[in-house]
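Here the structure comes first, spelled out in structure tokens, and everything after it is commentary.
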Amino acid sequence: MKQYRTTAWAIASAVVAGALAFSGAAKAADFTDSEHVSKLLSEAKMQAYQLREDAAFMETFTRSNVSAESHATAITQIKEHVNALGRQLTKLKEARDLAAPWQKTAIDRIEPFLNELEGYTNAVIEQVNANPTKLNTPEYRDYLEANADYASDLAAMIADFVNYGNTKHKFERLNKKLEVSKT
């Protein structure tokens with residue numbers, strides 16, 4: 001999961017390397033980014049950030065004495081974020097045919113993270129509902145930690161793809177402005 005975290009320099013280098021490898025045999029239209037998909041990915045990024053913040057906050061409950069009601073409220077909010085991201089993923093899948101290859105990769109990589117998050121979120125909900133007085137068991141703490149980790153990794157991955165798209169767009173604008181040959 002941590003492998004998706006890259007620096008801006010690495011993203012920019014990848015864009016430049018990709019542009020230098022651009023083949024004259026390929027049509028430029030094959031590499032055109034979909035503005036609609038980019039907008040959907042940016043929205044997913046914001047949703048994932050909120051999910052990450054809430055999951056990280058809830059994970060802190062393992063280090064303090066917080067009421068079962070607080071746990072229930074927090075996990076309900078997290079479930080709403082997971083569901084919102086699920087709806088966003090549906091929109092992204094519907095727009096997939098318009099997407100550039102890198103955008104399709106982003107769409108494809110979101111689903112496994114979201115599936116894992118949904119599983120851990122449901123496990124937390126089941127634990128809160130079944131044993132509201134036993135919310136500091138090692139198993140429960142593991143669920144909260146896994147939820148926080150997956151939410152963090154998902155947010156970082158989506159942010160990296162959005163940053164890649166923004167950097168790619170800037171590169172293409174400069175390329176056009178400077179009239180740099182692609183061969």
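Suppose the filter is exposed (fewer than 12 other Cβ atoms within 10 Å of the Cβ) and part of a helix (DSSP H, G or I); does GLU145 pass it?
Details: exposed (fewer than 12 other Cβ atoms within 10 Å of the Cβ): no; part of a helix (DSSP H, G or I): yes.
So GLU145 fails the test.
Quick one: what pairs do we get from the stretch 49-69, first residue farther than 13 Å from HIS81 by Cα and among the hydroxyl-bearing types (Ser, Thr, Tyr), second surrounded by fewer than 19 Cβ atoms within 10 Å (Cβ to Cβ) and at pLDDT below 95, C-beta under 7 Å, 6+ apart or different chains?
THR62/ASN136; THR62/ARG141
Would you confirm, using the coordinates I've provided, whether ALA14 is of a type in the set (Gly, Ala, Ser), surrounded by 11 or more Cβ atoms within 10 Å (Cβ to Cβ) and modelled with pLDDT of 60 or more?
Considered against the rule, which asks whether it is of a type in the set (Gly, Ala, Ser), surrounded by 11 or more Cβ atoms within 10 Å (Cβ to Cβ) and modelled with pLDDT of 60 or more, ALA14 comes out as no.
Only residues in the stretch 31-48 that are part of a helix (DSSP H, G or I) count as the first member; pair them with residues that are of a type in the set (Lys, Arg), Cβ under 8 angstrom, at least 6 apart or cross-chain, and list the lot.
Correct list of pairs: VAL37/ARG96; LEU40/LYS91.
Before we move on, is GLN127 modelled with pLDDT under 95 and assigned to a helix (DSSP H, G or I)?
yes
Please find, among PHE61, PHE113, PHE57, the residue that is aromatic (Phe, Trp, Tyr) and either within 30 Å of GLU35 (Cβ to Cβ) or touching a Pro at 6+ places or on another chain (Cβ under 9 Å) (or both).
PHE113
Do we find a residue being within 17 Å of THR121 (Cβ to Cβ), surrounded by fewer than 16 Cβ atoms within 10 Å (Cβ to Cβ), hydrophobic (A, V, I, L, M, F, W, C) and in contact (Cβ under 8 Å) with a residue 24 or more places away in the chain anywhere in the stretch 82-89?
Within the stretch 82-89 (the criterion being within 17 Å of THR121 (Cβ to Cβ), surrounded by fewer than 16 Cβ atoms within 10 Å (Cβ to Cβ), hydrophobic (A, V, I, L, M, F, W, C) and in contact (Cβ under 8 Å) with a residue 24 or more places away in the chain), the answer is no, since none of the residues qualifies.
Taking the condition buried (at least 21 other Cβ atoms within 10 Å of the Cβ), at negative phi, within 11 Å of the chain's Cα centre (by Cα) and not in a loop (DSSP other than H, G, I, E, B), does ALA156 pass? Write out each step before concluding.
Values: buried (at least 21 other Cβ atoms within 10 Å of the Cβ): no; at negative phi: yes; within 11 Å of the chain's Cα centre (by Cα): yes; not in a loop (DSSP other than H, G, I, E, B): yes.
No: the conditions fail for ALA156.
If we scan the stretch 129-146, do we find a residue that is touching a Ser or Thr at 6+ places or on another chain (Cβ under 9 Å), over 22 Å from ASP54 (Cα atoms) and without any contact (Cβ under 8 Å) to a residue 12 or more places away in the chain?
Looking through the stretch 129-146, none of the residues is touching a Ser or Thr at 6+ places or on another chain (Cβ under 9 Å), over 22 Å from ASP54 (Cα atoms) and without any contact (Cβ under 8 Å) to a residue 12 or more places away in the chain.
Specify which of the listed residues (PRO101, PRO112) is under 18 Å from GLY165 (Cβ atoms) and out of contact with any His (no Cβ under 8 Å at 6 or more places or on another chain).
Within the list PRO101, PRO112, the selection yields PRO101.
Of all residues being touching a residue at least 40 places away in the same chain (Cβ under 8 Å) and over 18 Å from the mean Cα position of the chain (by Cα) in the stretch 159-171, which is surrounded by the fewest Cβ atoms within 10 Å (Cβ to Cβ)? Just the residue, please.
Pass one, the stretch 159-171, residues touching a residue at least 40 places away in the same chain (Cβ under 8 Å): 159-165, 167-169, 171.
Applying the additional criterion that residues be over 18 Å from the mean Cα position of the chain (by Cα) yields 168-169, 171.
On the way: LYS168: 22, HIS169: 14, PHE171: 16.
Step by step, filter the stretch 159-171, then rank; the result is HIS169.
The values are calculated or read from the model by the stated rules, or taken from the named source; none is laboratory data. Just so it is clear, the structure is predicted and the values come from calculations on it, not from any experiment. Backbone-built Cβ (ideal geometry, glycine too); neighbour counts: all protein chains shown.
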